[in-house]
Structures are given as C-alpha cells and as structure tokens.
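Chemist: Could you have a look at this structure, given as structure tokens, before my questions?
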Amino acid sequence: MKDKETVWQEMLSILEVEINALSFDVWVKKLRPLKVEDNILVLTAPTPEHKTEVMQRYLPLIRGAMRKVSQSPVEVIILAEDEIGEVEQNSDVKPSANESVEAKEQPVLNPKYNFENFVVGGCNRFAYAAARAVADNPGTVYNPLFIYGGVGLGKTHIMQAIGNAVRMSMSNLKVLYVSSETFLNEFVESIQKDKGVKNQAFREKYRGVDLLMLDDVQFMSGKEKMQEEIFNTFEALQNAGKQMVFASDRPPQDIRDLDARVRSRFSSSLVVDIQPPDLETRIAILQKKSQDAKVNIAMAQLEYIAERVSSNIREMEGVLTKVIFLSRLHERKVDFEICREALNDYRVQECDEITADEIIECTCRYFNIQKADIVGKRKNKEIVEPRQISMYLINELMNIPLTAIGAFFGREYTTVMHARDKVSALVVSDTKVRTAVNDIKALVLRK
Ligand code: ADP
Ligand code: MG
C-alpha cells in the first residue's frame with residue numbers, strides 16, 4: 001500500500017475537483033493524514049467541531065476518493081487532534097490479517113477470498129454450491145456460471161474462491177481472473193499497439209486459459225467492440241471445453257445495450273443470485289471476521305452491530321474494522337459505546353437512501369426553478385441545463401437503469417444518455433457546470 005502522504009495527496013487532487021474551492025480550503029485541506037494501517041486511513045482534524053463538520057458534509061466524498069486511490073476495501077477514520085496522543089502510543093499495534101495481500105503489487109487473486117471463510121446462509125447457498133461444483137470439476141458441470149447480486153454481497157469473493165481452489169487442487173490449469181474494466185483496457189491497448197496483427201498477444205492470453213473469470217460484466221453495457229471480443233472469447237473457450245465464470249450486479253436480461261449473442265450466452269449459463277444476508281447470516285459473518293482478526297467480541301455486541309447495518313457486507317465489515325480500531329485506541333474491550341461510535345460514522349456515510357426526487361428537488365433549489373418545469377416539456381436553456389444536470393446526478397448517485405431515469409422525466413433513455421454524456425464533458429470544460437454539479441451533490445449528500 002502507498003504511504004499516507006501519497007495516498008492523501010492523490011485523494012486531495014480528486015476532492016479538489018468535487019468540492020467547491022472555498023469549502024475545500026476551509027474543511028478538507030486542513031485535515032492531515034496520520035497513518036495508513038490495516039486498510040484504514042486515519043485523518044486528523046484540528047478541532048472536534050471541525051471533525052464533526054467534515055464527517056457530516058464530506059465523509060462520503062472522502063471515502064469515495066479513498067476507494068478510487070486504493071483498490072481494496074478501505075475505511076476512513078477522522079479524529080480530532082486532541083485524540084491523537086492515544087493513537088500514537090498505540091501505533092505499535094500489529095496490523096492484522098491481510099497485510100501480506102496489501103504488500104504485493106495488485107494481486108490478481110486475493111488469497112483472502114476463499115471458500116473456507118465464506119459464510120453460507122440462505123442468501124447465497126445456491127451460488128456457493130454452484131461455485132464449489134465448478135471448482136471441483138471446471139469445464140464440465142455448470143459452464144458458464146453466471147453469478148449476480150447487489151454491491152458488496154460477495155460476488156467477487158466467491159468468484160475468486162473458485163480461482164483459488166482450482167489453483168490449489170489443479171495447479172496445472174491456467175486460471176485467469178479479470179475485471180471487465182481491465183479486460184476493456186487491455187483490449188483497447190492491444191488494438192492500438194499491434195495494428196493489423198489482430199491483437200495476437202491479447203487473444204492468446206484470454207483464449208489460452210482453462211478457467212476464465214470475468215467480473216462486473218454489467219460494465220460492458222453499450223461497448224460494442226468489447227462485446228464482440230468477449231463473444232469470440234466465449235466461443236473459443238467453450239469449444240475447447242474451458243470453464244467460464246461471470247459476475248454482474250444484475251441478471252443477464254437487465255444488462256442494457258448488450259449484443260444479442262452475448263446476452264444469449266449469459267442467459268444460457270447457470271444463473272445464480274446472491275441475496276442480501278438475513279440477520280443470522282450477518283451475525284455469523286461478523287463472528288467469523290472477528291475471529292479471523294483475533295479479536296474477542298461478545299455475542300451481544302455482534303448482534304447489536306448486525307441489527308443496525310444494512311444488507312451490504314462490505315459496509316458491515318467496515319463497521320467491524322472501526323469497532324476493532326476504536327477498541328484498540330481506547331484500550332478497552334468492545335462495548336456498546338464503541339459499537340455506537342463506529343455506527344455513528346456509518347450512518348453519516350450511508351446518508352440514508354438517496355432518491356431521484358431529492359436530487360431533482362436539490363437541483364431546483366440550486367437553480368431556483370420549479371419541479372414542474374424540470375420534469376415538464378419546456379426547452380429553453382434555463383430549464384434544459386438543470387434538467388440535464390439532474391439526470392446526470394441521478395445516474396451518478398443512484399444505481400438504476402437509464403430507462404428508469406428517463407421515466408422520471410417522461411423521456412426516453414436516449415435522452416438521459418445524451419444528458420449524461422453532455423454534462424460529463426461540461427464538468428471537465430465548464431467551471432460553472434462543475435460548481436453546480438458539485439454543490440448540488442453536496443446538497444443531496446448533506447441532507
Ligand atoms: P461484490 O463483489 O459482490 O461487490 P465482494 O465479493 O467484494 O462483493 O464482498 C465484499 C466484502 O464482503 C468482501 O470483503 C468479502 O470478503 C465479504 N463477504 C461477502 N460475502 C461474504 C460471506 N458470505 N462470508 C464472508 N465474507 C463475505
Ligand atoms: Mg465485486
């Protein structure tokens with residue numbers, strides 16, 4: 001992992017664009033990175049009031065920036081300066097669990113993601129069984145396997161568990177895990193590099209494997225050339241009897257702008273879903289994770305956390321990481337007060353659910369116009385621009401299809417697509433639009 005100064009500087013350059021200049025100088029720039037440890041970045045604020053203000057207004061953005069800078073799940077903790085003394089005394093605390101993973105350059109398969117530490121419950125039983133079967137007999141039983149489910153529910157974990165298991169038991173097989181984004185980047189690069197040679201090296205790489213795992217395939221929506229390449233890769237691998245596993249945040253039929261051939265390949269896979277975990281499974285996961293971190297937490301506290309976090313397992317892990325951190329900081333066993341403190345931060349981050357209505361409302365407030373205008377038919381610039389900005393923001397802040405966004409405005413998804421692309425470009429080239437987008441975003445996130 002990069003050192004704290006590098007991480008923080010990279011984050012600042014992201015945040016500078018997202019937050020208006022005044023607030024950036026007053027609030028964000030005055031934070032200092034204290035340390036990076038255990039997947040946690042600790043920032044200090046000059047005063048407790050400063051800390052509260054930053055947590056309420058900017059924590060989601062700071063966290064977002066952290067995620068962009070570091071690939072692994074990371075937590076941000078903000079302390080006021082008068083709390084630091086204690087941390088420094090404690091800074092010889094040994095980083096736990098996954099430090100070895102962090103140390104290596106971009107590990108392709110994370111050894112932390114294995115079947116042994118995957119907690120099975122009603123929500124993921126089928127996915128687990130199918131993944132296990134594939135790992136035991138790659139290329140035969142369920143080929144391809146398509147796993148879908150919401151964010152942070154374990155798709156990448158279970159997919160990489162297949163890879164890790166196959167690597168262990170069949171070390172002669174070639175295993176390749178790749179995110180769709182990496183696949184696309186490599187593809188584009190290979191086309192640019194060896195023009196005319198039909199991207200030989202790229203094809204050999206992807207068609208020469210025994211197990212190909214492609215993560216987040218919803219990302220290929222609308223990317224025609226990439227879909228074509230993936231389709232050809234499918235064909236080659238399938239004919240050779242090789243195993244493919246796909247993961248996506250939605251089922252095949254809900255991925256927009258997908259080549260019919262690719263869709264039919266996805267749909268003819270064994271399609272299994274992962275649902276949000278119920279309370280019991282959440283408790284079991286917390287139990288497992290705290291054991292792995294060698295921290296003893298009583299059942300009452302585990303339940304307390306599990307009851308209060310939403311269904312996203314990654315977020316729940318984040319809360320647990322904070323609980324453990326705070327218990328070390330205060331040199332105290334995990335008690336309800338520590339849980340409450342960690343959950344407080346979590347609630348700020350969650351900002352409840354954002355709705356399209358709120359985004360439209362905040363946009364109207366910012367531009368001083370009426371909701372009826374924004375969702376209405378008028379086409380003058382004073383209305384069209386706010387309309388496009390709110391479409392852009394709904395697309396950015398919410399995880400819903402373009403058609404659904406269009407529906408809020410009584411328009412086609414192509415109109416939303418156009419708005420999204422136009423505002424994306426303006427955010428870069430036009431300061432006024434950028435400021436508007438950032439301020440409205442802050443309004444929405446602050447409420
Ligand atoms: P997704 O790819 O679906 O967004 P991930 O696979 O990255 O989610 O999982 C998010 C985090 O939650 C990971 O740290 C993962 O280890 C953990 N996790 C998810 N499901 C489970 C589970 N059933 N048991 C244990 N840990 C889990
Ligand atoms: Mg994932």
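Chemist: When both residues are 6+ apart or on different chains and their Cβ atoms are under 7 Å apart, which pairs have a first residue that lies in the stretch 153-164 and is farther than 24 Å from Leu279 by Cα, and a second that is more than 8 Å from ligand 1 (Cβ to nearest atom) and in a helix (DSSP H, G or I)?
Modeler: Once the first residue is farther than 24 Å from Leu279 by Cα and sits in the stretch 153-164, its partners that are more than 8 Å from ligand 1 (Cβ to nearest atom) and in a helix (DSSP H, G or I) give Ile162/Ala131; Ile162/Val134; Ile162/Ala135.
Chemist: Another one. If I ask for residues that are assigned to a helix (DSSP H, G or I) and charged (D, E, K, R), which ones from the stretch 1-49 would you list? Talk me through it step by step, then tell me what you get.
Modeler: To start, the set of residues in the stretch 1-49 that are assigned to a helix (DSSP H, G or I) comprises 4-18, 21-28, 48-49.
Lys4, Glu5, Glu10, Glu16, Glu18, Asp25, Glu49 - these are the residues of the stretch 1-49 that are assigned to a helix (DSSP H, G or I) and charged (D, E, K, R).
Chemist: Search the stretch 122-134 for residues being among the small types (Gly, Ala, Ser) and surrounded by 18 or more Cβ atoms within 10 Å (Cβ to Cβ), and hand back the single one that is nearest to Met168 (Cα to Cα).
Modeler: The initial filter retains those residues of the stretch 122-134 that are among the small types (Gly, Ala, Ser), namely 122, 127, 129-131, 133.
Applying the additional criterion that residues be surrounded by 18 or more Cβ atoms within 10 Å (Cβ to Cβ) yields 127, 130-131.
On the way: Ala127: 20, Ala130: 18, Ala131: 15 Å.
Only one residue tops the list, namely Ala131.
Chemist: Now for a different question. Mind telling me which of the residues Ile158, Ile147 ends up being within 16 Å of ligand 1 (Cβ to nearest atom), modelled with pLDDT of 95 or more, within 18 Å of Ile255 (Cα to Cα) and β-branched (Val, Ile, Thr)?
Modeler: Working: Ile158 fails: within 18 Å of Ile255 (Cα to Cα).
Just one listed residue meets the conditions, Ile147.
Chemist: Hey, can you tell me all the residues within the stretch 34-50 that are over 21 Å from Leu320 (Cα atoms) and either among the charged types (D, E, K, R) or open to solvent by 10 Å² or more (accessible area, probe 1.4 Å) (or both)? Steps first, please.
Modeler: As a first pass, look at the stretch 34-50 and keep what is over 21 Å from Leu320 (Cα atoms): 45-50.
Correct list: Pro46, Thr47, Pro48, Glu49, His50.
Chemist: Let me ask something additional. Restricting attention to the stretch 148-163, which residues are in a strand (DSSP E or B) and either under 12 Å from the mean Cα position of the chain (by Cα) or more than 10 Å from ligand 2 (Cβ to nearest atom) (or both)? Explain how you work it out, then say what you get.
Modeler: Filtering the stretch 148-163 for residues in a strand (DSSP E or B) gives 148-149.
Once the filter is applied, which keeps residues that are in a strand (DSSP E or B) and either under 12 Å from the mean Cα position of the chain (by Cα) or more than 10 Å from ligand 2 (Cβ to nearest atom) (or both), the stretch 148-163 yields only Tyr148.
Chemist: Residue by residue through the stretch 224-275, note down the ones that are open to solvent by less than 50 Å² (accessible area, probe 1.4 Å) and among the β-branched types (Val, Ile, Thr).
Modeler: Ile230, Thr233, Val245, Ile255, Val262, Val272, Ile274
Chemist: Would the stretch 364-387 turn up any residue that is at pLDDT 90 or above, assigned to a helix (DSSP H, G or I) and under 26 Å from the mean Cα position of the chain (by Cα)?
Modeler: Scanning the stretch 364-387 turns up no residue that is at pLDDT 90 or above, assigned to a helix (DSSP H, G or I) and under 26 Å from the mean Cα position of the chain (by Cα).
Chemist: Separate question: Answer yes if at least one residue in the stretch 176-187 is over 21 Å from Leu109 (Cα atoms) and surrounded by fewer than 18 Cβ atoms within 10 Å (Cβ to Cβ), and no otherwise. Before you say what the answer is, go through the steps one by one.
Modeler: Of the residues in the stretch 176-187, the ones over 21 Å from Leu109 (Cα atoms) are none.
No; the residues of the stretch 176-187 include none that is over 21 Å from Leu109 (Cα atoms) and surrounded by fewer than 18 Cβ atoms within 10 Å (Cβ to Cβ).
The values are calculated or read from the model by the stated rules, or taken from the named source; none is laboratory data. The model shown is predicted, which means the values in this text are computed figures rather than measured ones. Here Cβ is always computed from backbone atoms with ideal geometry, including for glycine, and neighbour counts include all displayed protein chains. The accessibility values were calculated without ligands, DNA or RNA, using every heavy atom of the protein model including side chains. Shrake-Rupley method; radii C 1.70, N 1.55, O 1.52, S 1.80 Å.
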